[in-house]
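Take a look at the structure below.
Every number here is computed from the coordinates shown, using simple stated rules; none is lab data. All values derive from a computational prediction rather than experimental measurement. Cβ sites come from the backbone with ideal geometry, for glycine too, and all protein chains shown count toward neighbours.
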Amino acid sequence: MNVRHHLSQYFLEALMSTKRGRAHLLNQVAEGEEQGEQRVFDEAIALVEDPELKKLIRRHREDEIRHGQMFRARIEANGVPVGPVPENLDMLRRLDRALGGFFDKGLSSEADVMRAYVILQVIEERACEQFTMYIDALERVGEHETADVFRQVAKDEARHLKYCRAIALRYAEDEADYERELVLVRELEARSFKDVQRSNIEYILANDLAPSRGARLFFRVMKVVTGLVDEVPYTSFAQPAMA
């Protein structure tokens, strides 16, 4: 386990130890499940001809809607009201900007379907990795029901990786085309994730979501470190290709 992982675990445990901190994180996760992916599913269904692939897309779409509902239920059980996620903490929106506004343009070709599903694959990769850390942190602070929700969703996300790869490969020119796109999107996603991490720390400090003086000091140190360190936080899925 590397230093970054230890720091992330401490960060998450401190954030999730209070209702306000849990509400903040759950709101981000719920919105991530609910937002622009729905449009991708609808447009992809219209373009894809293979009945089996259409079935995968519909099931994926239904899963994401259900996940959003599950996380919203945990927000309600947590008892702290939430508003919209600030734009600078919106991971998909930031990634979309890095991709030149891909989602705003809509899908109109097989190449668009391939890229959309590579993007979804990379988003799901991050979710699989982050959810493992969320579960550990939630168990440590005694939030077992919320941890169980993340476990259920994580199983679906692991299955979604297979959907995304199958559909992206089907609409790529060849496997090399798919792999090139995957490397590019993983790079942009990791850099976007780093930017969101720093903005998230700033938000936590500005809104007094840190539970103690020690935690506030830690978050301030993390803010400085994320600004100074050049390392890009690739997921474990991306690291072999980036080596």
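Some observations on this one:
- Under 17 Å from the Cα of LYS162 - lysines, other chains or at least 8 residues apart: LYS54, LYS55
- Only Lys, Arg, Asp and Glu carry charge here, each on its Cβ (+1 for the first two, -1 for the last two); on that basis region 3-242 has a dipole of about 940 debye about its Cα centre.
- Peptide packing: for 125-138, 159-172, the average count of neighbouring Cβ atoms within 10 Å per residue gives the ranking 125-138, 159-172, highest mean first.
- Residue of LYS155, LYS54, LYS194 that the Gaussian network model of the chain assigns the largest fluctuation, springs spanning Cα pairs under 10 Å: LYS155
- Counting Lys and Arg as +1 and Asp and Glu as -1 over every other residue whose Cβ lies under 13 Å from the Cβ of LYS55, the net charge comes to -1.
- Helix 175-206 and the longest principal axis of the Cα set of the chain meet at an angle near 20°.
- The length gained on full extension between GLU87 and ASP156, counted as 0.36 nm times the residue separation minus their Cα-Cα distance, comes to 22.2 nm.
- Cα centroids of region 58-94 and region 6-50: 6 Å apart.
- Relative contact order for the chain, counting Cα pairs under 8 Å that sit 6 or more residues apart, in percent: 25 percent
- For region 105-243, a/c is not less than 1.5, where a ≥ b ≥ c are the root eigenvalues of the C-alpha gyration tensor, and a/b tops b/c. That puts it in the prolate class.
- Taking every DSSP helix (H) stretch of at least 4 residues in the chain, weighting each as -39,500 (n - 2.57) and dividing the sum by the residue count yields a mean residue ellipticity at 222 nm of -26500 deg cm²/dmol.
- Qualifying GluC sites (Glu not before Pro) in region 162-200, DSSP loop, other Cβ atoms within 10 Å at most 16: GLU173
- Cβ-based exposure ranking for LEU25, LEU92, in which fewest neighbours within 10 Å come first: LEU92, LEU25
- The long axis of helix 37-47 is offset from the longest Cα principal axis of the chain by roughly 10 degrees.
- Lys/Arg +1, Asp/Glu -1 at C-beta; region 3-242 dipole; positive extreme among TYR234, PRO81, PHE103: PRO81
- Here r is the Cβ-Cβ distance between ALA46 and ASP136 and R0 is 45 Å; the resulting FRET efficiency, rounded to 0.05, is 0.65.
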